[in-house]
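Read through the structure below, which is laid out as structure tokens, and then see the notes.
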Amino acid sequence: MRDAPASARLVEDFANTLDVYLDTDALTTPARLADWLRERGLLDRPRRVTAEDHALGLALRAGIRERLGSHVGDEPDAAVLAAADAALGRLTVCVTVHGAARPADGLPPVRQALARLAIAWNELVTTGEHVRLKRCAEHTCAEAFWDVSKNRSRRWCSMSVCGNRVKARRHSARQRGVGGA
């Protein structure tokens, strides 16, 4: 089994700021986004997040979550992906001939922090490791997780919880179908 690289842990943590099961969102306000970025070391000190920066962060998160869902067979929403791509277009990144990437000079600190998230996602896509980062196929959960299975076939964040929920529903549906015939 392979441990998740730092870039995957960061992107997973970002995606999981939205908790579908508990119906909570850790990034409901610009101030909460600033706190989250600071707690992850992406901002050096408290900063003011504008409404526009907040919208960029939410669009980026939504797009990443859509892509993670596609790794378990969900059809991604093209409009959500387009909005995420538009947000990424506003987060300028510089790449060196050595392959290092960093936020572009002149970006405000909050945009630099968001650009670091974009760089982390890009590292996963570039290496092909993004397919190991998935959104739970149990839609009442939808938690992001790192697939440690050898053949990258895991579909649920937890087989004992989400996997069993899905299998129990399928079994129940089959039983109702048999009983009704």
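The values are calculated or read from the model by the stated rules, or taken from the named source; none is laboratory data. Everything numeric here is computed off the predicted structure, so don't read it as measured data. All Cβ positions, even for glycine, are placed from backbone atoms using ideal geometry, and neighbour counts span all protein chains on display. For the accessible areas, the whole protein counts, side chains as well, though only heavy atoms, and no ligand, DNA or RNA atoms are used. Shrake-Rupley method; radii C 1.70, N 1.55, O 1.52, S 1.80 Å.
Values computed for the structure shown
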read-out: Counted residues, region 116-145 - those being in a loop (DSSP other than H, G, I, E, B) and surrounded by fewer than 18 Cβ atoms within 10 Å (Cβ to Cβ); value: 3
read-out: Some residue of region 146-154 being over 17 Å from GLY63 (Cα atoms) and hydrophobic (A, V, I, L, M, F, W, C); value: yes
read-out: Matching option when the condition is touching a helix residue (DSSP H, G or I) at 6+ places or on another chain (Cβ under 7 Å), modelled with pLDDT under 95 and not aliphatic (A, V, I, L, M), among HIS71, HIS98; value: HIS71
read-out: Residue within region 146-154 that is buried (at least 19 other Cβ atoms within 10 Å of the Cβ), among the basic types (Lys, Arg), more than 12 Å from the chain's Cα centre (by Cα) and farther than 26 Å from ALA86 by Cα present; value: yes
read-out: Qualifying position, being assigned to a helix (DSSP H, G or I) and either at pLDDT 95 or above or more than 30 Å from THR50 (Cβ to Cβ) (or both), among SER172, SER149, SER153; value: SER172
read-out: Segments classed as helices (runs of 4 or more DSSP H), wholly inside region 1-114, with at least 3 members that are closer than 30 Å to HIS139 by Cβ, free of Cβ contacts under 8 Å to residues at least 60 places away in the same chain and open to solvent by less than 20 Å² (accessible area, probe 1.4 Å); value: 51-70
